[in-house]
Amino acid sequence: MGGFVRDPIYGMIEIHPLCEKIIRLPEFQRLHDLKQLGCLHYTYPGATHDRFQHCIGVYHLAEVFINHLQKAQPELEITEQEKLAVCIGGLVHDLGHVMLCHMYPRYVQYCKNELPLSHELMSVLIFRSVIQKWGLSKDFLDASNSSVILFSDPKTRDVPHSPGSARLAANFCSKSWPMRGFHWVGVKFIRRSGIDVDRFDYMVRDCYHLGLHCSYNYDNILLRSRCIRNEQDQWEICFNHKVFYDVCDMFQCRLNLCRRAYLVSDALRMTTLQHPSCRIIERMLIEAFQIAEEQGVGIQTANGTVKLSELIRSPEEYIQAFKENRLDSLLEPYLKATDYFILQLRNSVEPGLEAARHLIQRIEMHDYYPFVGRILVTNQENGDDYENLTYDDLINGKLSFRNTRKLIVKIKELLKLKAEEMGIPFDPATLYIDACKMDMGSKGKNPLPPISFFSDINPDKRIKMGLEEGRVLGSYVDYKLFFYSRGDKSTVDAFQKLLAIGDTLCSSSNYN
């Protein structure tokens, strides 16, 4: 008999005994110290929910989904072991997150320009590590059968070492079930369509804690799905045509959350925060962390201090450590890095950390770097030919986000030339430019074409909804440039003159 968890979104959730053992592990409990939305609570006070709650929610929705398929389609012959595999996948899919979640890759890029492994692959590594460390192999073997292997023998598998191998990192691999293509790391039951229980939970949970309206019925989509074979004789999860507008509302809700809270950054291939104040808070925290790292501050371990930018080691090191049964030791600094580090830095007394403490104090007092304004990008046809980019192109938003680093460098060059022409003092180091992309989770494309539906008349035949229906979504993506100043009021005024505040640029000095 397992336990129960009372969730503010779904009510009472029953937990499988094996999953309860996983939840009680320190590696899972640390998720309490990782806020789901990073530093967004400085702007939305209710956004203090954490990765622990999210993982429990994904576990629950994965169970609801797999129970629905088992009941609605007995011909799939889904076993209890297969159901457990999917539920565990939902439970542990975010084990690999670290302090401030999606801000950390931005910090690594800011310091080193390279992120060795994604948080999805870190989830795989940590999960394998806890099974070794806490001796759970027997529990997993007892829950397995000839059809489902809940834990593979570490002697026969290498740790996955590239982003593409995440889908093949089969700690859970079904030999017979038609849905063996499940991506367990995110429980992405139809990964290519952009609909999954991970997204269902974080959207409804984030809306709840942000105080925003969740405009779609996730349960209606979930419980009106079925498996249908496609042209390649592969099973595909399809949805009743009656939930088409619920699906559209889901993608629209995703875009609205992007505009108010999230952001998808192509350069980093991850989701971070979009709200203007949150974006600059992230930047100020990154600068504070870098100051701390330069002063030798990092994560304390038994083997010394590890730099914040070096918490993730190379794939080869993890593979070797896994083979030598010392993966737990190598992961120690990563597992210790939680949001608590900000409090440690704020409460530090070392003289060399005064600048870092001052930045954190400014954040807490809402004394952010001033917001200069934003440009809505209206044209993406210029490609990445930034050499021929003109000042008028910038002011009119005729830009390409294909290479944001080159774009930002070019923008500062253009502004420097314009400042000399206008006789305005301009120091590129005092201007921070943030390139932001907001979409529906489909890389800027129409998210509907990959999704298949079915009708009540012929529930075993896949159908596609027409282009006319797809127009209800409107725009699939927004591109914006945000400008901030590290200087005083006079610097902000100079930047606003330089950027020709007008119809294409919205500015505000108060963005809290």
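The values are calculated or read from the model by the stated rules, or taken from the named source; none is laboratory data. Keep in mind it's a predicted model, so treat the numbers as computed, not measured. Cβ coordinates were reconstructed from backbone atoms using ideal geometry, including for glycine residues, and neighbour counts include every protein chain displayed.
Points to keep in mind about this one:
- Residues that are in a helix (DSSP H, G or I), at pLDDT 90 or above and surrounded by fewer than 18 Cβ atoms within 10 Å (Cβ to Cβ) within the stretch 294-319 comprise Glu294, Glu310, Glu317, listed in sequence order.
- Of the residues contained in the stretch 142-159, one or more are found to be assigned to a helix (DSSP H, G or I) and at pLDDT below 85.
- If you go through the stretch 2-26 and keep only what is among the acidic types (Asp, Glu), touching a Phe, Trp or Tyr at 6+ places or on another chain (Cβ under 9 Å) and under 18 Å from Tyr208 (Cα atoms), you end up with nothing.
- Pairing residues of the stretch 283-295 that are not assigned by TED's automatic domain parsing to the domain that holds Ala429 with residues that are surrounded by fewer than 23 Cβ atoms within 10 Å (Cβ to Cβ) and among the polar types (S, T, N, Q), at Cβ distances under 7 Å and at least 6 apart in sequence or on separate chains, gives Glu293/Ser309.
- Taking (1) of a type outside the set (Gly, Ala, Ser); (2) assigned by TED's automatic domain parsing to the domain that holds Lys418; (3) modelled with pLDDT of 90 or more in turn, Leu353 satisfies each apart from (2).
Residues are listed down the side, and each one gets a yes or a no for (1) farther than 27 Å from Met122 by Cα; (2) under 25 Å from the mean Cα position of the chain (by Cα); (3) among the aliphatic types (A, V, I, L, M); (4) buried (at least 22 other Cβ atoms within 10 Å of the Cβ):
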{"site": "Met12", "(1), (2), (3), (4)": "yes, no, yes, no"}
{"site": "Asp33", "(1), (2), (3), (4)": "no, yes, no, no"}
{"site": "Leu40", "(1), (2), (3), (4)": "no, yes, yes, yes"}
{"site": "Val64", "(1), (2), (3), (4)": "no, yes, yes, no"}
{"site": "Thr79", "(1), (2), (3), (4)": "yes, no, no, no"}
{"site": "Val86", "(1), (2), (3), (4)": "no, yes, yes, yes"}
{"site": "Val98", "(1), (2), (3), (4)": "no, yes, yes, yes"}
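- Tyr110 at pLDDT 90 or above, assigned to a helix (DSSP H, G or I) and not hydrophobic (A, V, I, L, M, F, W, C): no
Let's see how each residue does on (1) more than 23 Å from Leu40 (Cβ to Cβ); (2) of a type in the set (D, E, K, R):
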position: Glu350; (1), (2): yes, yes
position: Arg374; (1), (2): no, yes
position: Asp385; (1), (2): yes, yes
position: Val409; (1), (2): yes, no
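- The test for being crowded, with 21+ Cβ neighbours inside 10 Å and under 30 Å from Val372 (Cβ atoms) does not hold for Arg346.
- Across the stretch 100-123, the qualifying residues are those that are closer than 20 Å to Glu282 by Cβ and of a type in the set (Ser, Thr, Tyr), and the one among them that is farthest from the chain's Cα centre (by Cα) is Tyr110.
- Test: residue in the stretch 355-374 that is in contact (Cβ under 8 Å) with a residue 60 or more places away in the chain, farther than 27 Å from His97 by Cα, out of contact with any Pro (no Cβ under 6 Å at 6 or more places or on another chain) and part of a helix (DSSP H, G or I): yes
- Residue list for the stretch 211-258, restricted to those being touching a strand residue (DSSP E or B) at 6+ places or on another chain (Cβ under 6 Å) and farther than 16 Å from Phe453 by Cβ: Cys258
- Qualifying residue in the stretch 8-15 (condition: of a type outside the set (A, V, I, L, M, F, W, C), at pLDDT 95 or above and on the phi > 0 side of the Ramachandran plot): yes
- Filter result for His60 (out of contact with any strand residue (DSSP E or B) (no Cβ under 7 Å at 6 or more places or on another chain) and either among the aromatic types (Phe, Trp, Tyr) or crowded, with 21+ Cβ neighbours inside 10 Å (or both)): no
- When residues in the stretch 311-335 are screened for being without any contact (Cβ under 8 Å) to a residue 60 or more places away in the chain and within 20 Å of Arg106 (Cβ to Cβ), 1 of them pass.
- Any chance Leu345 is assigned by TED's automatic domain parsing to the domain that holds Tyr104 and either out of contact with any Pro (no Cβ under 8 Å at 6 or more places or on another chain) or in a helix (DSSP H, G or I) (or both): no
- Here Ile363 fulfils each of the conditions (1) of a type in the set (A, V, I, L, M); (2) within 28 Å of the chain's Cα centre (by Cα); (3) more than 21 Å from Glu282 (Cβ to Cβ) apart from (3).
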